[in-house]
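Colleague: Structure in structure tokens, see below.
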Amino acid sequence: MGGRTGCTPRRTPQRSAVPWDRREERLHEHNRRCPGELRPGAEHQRPGADPGPGPARPSSPWKIATASLIGTSVEWYDFGIYATASALVFPELFFPEMNRALGTLMSFATLFVGALGRPLGAIVFGHIGDRYGRKKALIWSLTLMGAGTVGIGLLPGYHAIGVVAPVLLVLVRMTQSLAVGGEWGGAVLFAVEHAPPRRKAFFGSFPQVGDGVGYFLSTGAFAAVGLLGHRALLDWAWRVPFLPPPCWSWSAC
């Protein structure tokens with residue numbers, strides 16, 4: 001070994017009492033100290049045989065965490081503008097036949113639908129992430145969320161298509177619910193998997209920051225269009241915050 005102590009190839013047994021994070025840390029330290037050491041099992045290759053492709057260059061944990069933060073911010077912006085609209089305009093647009101109090105309650109009931117599909121979305125997109133990769137799962141969930149948000153912005157009101165309008169509103173809200181259920185958990189997992197051994201909790205917190213950023217942006221968007229007046233808000237301005245998400249979603253990917 002040429003006097004280099006502690007640089008023997010390490011084979012990790014299939015079953016070990018050492019916790020997984022400690023094993024990962026020890027392997028990381030071994031690779032740092034002994035960059036030229038053969039990988040375990042490489043000594044058994046035939047001379048002249050193709051060793052195969054080398055290890056892929058790891059992505060920067062900061063880059064991955066920042067991408068997760070941006071994607072989560074976009075996702076919760078889409079989710080948050082619905083909450084604001086359900087209090088300000090949806091009672092008059094989709095439940096005008098009811099009195100104001102009952103219409104508001106029905107509007108908030110559609111808001112509740114957003115919580116029902118999140119567990120199913122986590123299961124579906126978790127399976128997609130395991131089979132096709134975390135990045136593809138995040139892209140698909142962001143695309144689904146963007147499509148659902150634009151769909152809400154393009155929906156005609158009750159006076160145009162009658163009771164079909166609130167039914168479509170509930171269906172599109174369920175689409176949003178599935179998307180956010182898959183994106184948030186996937187973003188956290190994506191950030192944690194690429195984080196250094198002793199900083200996983202730190203980088204895993206980035207997607208949670210996106211929650212607050214998204215709600216802040218959604219509130220600001222409705223505050224801006226609200227300056228046009230209540231009549232303009234009900235006629236057309238409420239749709240404006242729902243239309244940018246497709247561009248935001250693809251830029252986040």
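Colleague: Would the range 140-237 count as rounded, prolate or oblate if I go by the C-alpha gyration tensor, calling it rounded below 1.5 in a/c and otherwise prolate when a/b exceeds b/c, oblate otherwise?
Modeller: Since a/c reaches 1.5 but b/c is at least a/b, the shape of the range 140-237 is classed as oblate.
Colleague: Extending each Cα 7 Å along its Cβ direction at ALA109 and TYR132, get the distance between those two points in nm, one decimal.
Modeller: Between ALA109 and TYR132, the simple spin-label model gives 3.5 nm.
Colleague: Another question about this same structure. Subtracting the Cα-Cα distance from 0.36 nm times the residue separation, let me have the gained length for ALA87 to LEU243 in nm, one decimal.
Modeller: 54.3 nm
Colleague: With each pseudo-label sitting 7 Å past Cα toward Cβ, what's the ALA232-ILE123 distance in nm, one decimal?
Modeller: In this crude label model, ALA232 to ILE123 measures out at 4.7 nm.
Colleague: Further question: At 0.36 nm per residue, minus the direct Cα-Cα distance, what do PHE216 and TRP62 gain on full extension? Give it in nm, one decimal, please. Don't skip to the end; give the middle numbers.
Modeller: Numbers: separation 154, 0.36 × 154 = 55.44 nm, distance 2.30 nm.
That works out to 53.1 nm of additional length.
Where a number appears in this text, it was derived from the coordinates with a stated rule and is not lab data. Quantities reported herein were computed from a predicted structural model and do not represent experimental measurements. FYI the Cβ positions are ideal-geometry reconstructions off the backbone, even for glycines, and counts take in every protein chain you see.
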